[in-house]
Amino acid sequence: MNTIHSRKLILMRHAKADYPLGVADHDRPLAARGHREAPAAGAWLVENGLIPDYIICSDALRARATCAWVLSELGEKGPTPYIDSRIFTAGVSQLCSIINEVPDTVSCLLVIGHQPVLQELALRLAAMDSDEEAVYELAMNYPTLGTTVLETSHPYSHLDARDARVTHFTAPRPA
């Protein structure tokens with residue numbers, strides 16, 4: 001019997017960032033709201049059984065801070081994130097190429113990055129059998145902590161377009 005290995009790809013936008021005067025975009029910290037809300041994203045992953053075994057995170061301060069909050073919710077289950085400086089300025093094709101580099105042994109990949117590239121990539125990868133409501137929601141608005149969950153039987157190295165089924169879109173917030 002031939003078993004199809006299902007992989008999950010989670011695309012998460014960083015939490016709400018602040019805009020301090022004189023601070024470069026790359027170095028913007030999380031706003032107070034971002035610090036309050038970011039743990040909810042990690043909790044949502046845990047509640048839905050979406051424990052990443054590999055994390056790629058933008059090197060921007062707000063993304064790394066979001067990642068730290070998510071990891072605080074994952075506890076010992078959370079892997080050491082790979083901080084990738086290419087994500088901050090990546091276009092959709094480059095972000096897809098970064099994901100293509102992920103080893104085939106990874107079953108659940110979390111990518112923490114920025115708008116608009118996460119939304120554009122989610123729409124590019126969305127297969128025809130995706131959850132229509134989730135695709136509509138992510139197409140209309142990709143707020144801070146916007147999180148798209150995609151499933152695919154393809155190796156990450158083969159993802160390009162229409163290769164993954166969108167199963168969820170949410171922007172977790174504290175109760």
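Annotation for F88 and M128: the two label points, set 7 Å from Cα along the Cα-Cβ direction, are 4.1 nm apart. Placing dummy labels 7 Å off each Cα toward the beta-carbon, the span from I51 to A139 is 3.5 nm.
Here Cα extents along the principal axes in Å was calculated from the structure, and among (i) 45, 34, 31; (ii) 112, 27, 25; (iii) 58, 32, 30 it sits at label (iii).
Each part gets one Cα centre, and for segment 1-75 versus segment 107-125 those centres are 12 Å apart.
What is the helix-to-structure angle for 32-47, meaning the angle in degrees between its Cα long axis and the longest Cα principal axis of the chain, kept from 0 to 90 and rounded to the nearest 10? It works out to around 20 degrees. With all protein chains in place and a 1.4 Å probe, the accessible surface of segment 18-116 carries 54 percent carbon and sulfur. DSSP bridge analysis restricted to the chain gives an antiparallel fraction near 45%, rounded to the nearest 5.
Take the Cα of D160, step 7 Å toward its Cβ, do the same at R173, and the gap between the two points is 4.0 nm.
Extension gain, E101-A24: 0.36 nm per intervening residue step, less the Cα-Cα distance, totals 24.8 nm. Taking the chain as a Gaussian network, where each spring joins two C-alpha atoms under 10 Å apart, which residue of Y142, Y19, Y156 fluctuates the most? Top of the fluctuation ranking is Y19.
Put a plus charge on the Cβ of each Lys and Arg, a minus charge on the Cβ of each Asp and Glu, and nothing anywhere else: the dipole of the chain about its Cα centre is then about 380 debye. Each helix, a run of at least 4 DSSP H residues, gives -39500 (n - 2.57); summed and divided by the residues of the chain, these come to -10000 deg cm²/dmol at 222 nm. Farthest towards the positive end of the charge dipole of segment 47-88, among the residues I55, V70, I83, is the Cα of I83, using unit charges on the Cβ of Lys, Arg, Asp and Glu. Helix 61-74 and the longest principal axis of the C-alpha atoms of the chain enclose an angle of approximately 60°.
The values are calculated or read from the model by the stated rules, or taken from the named source; none is laboratory data. Predicted model, so just to flag it, every value in this text is computed and none were measured. Every residue, glycine as well, gets a Cβ built from its backbone with ideal geometry; the counts of neighbours run over all protein chains shown. The accessibility values were calculated without ligands, DNA or RNA, using every heavy atom of the protein model including side chains. Shrake-Rupley method; radii C 1.70, N 1.55, O 1.52, S 1.80 Å.
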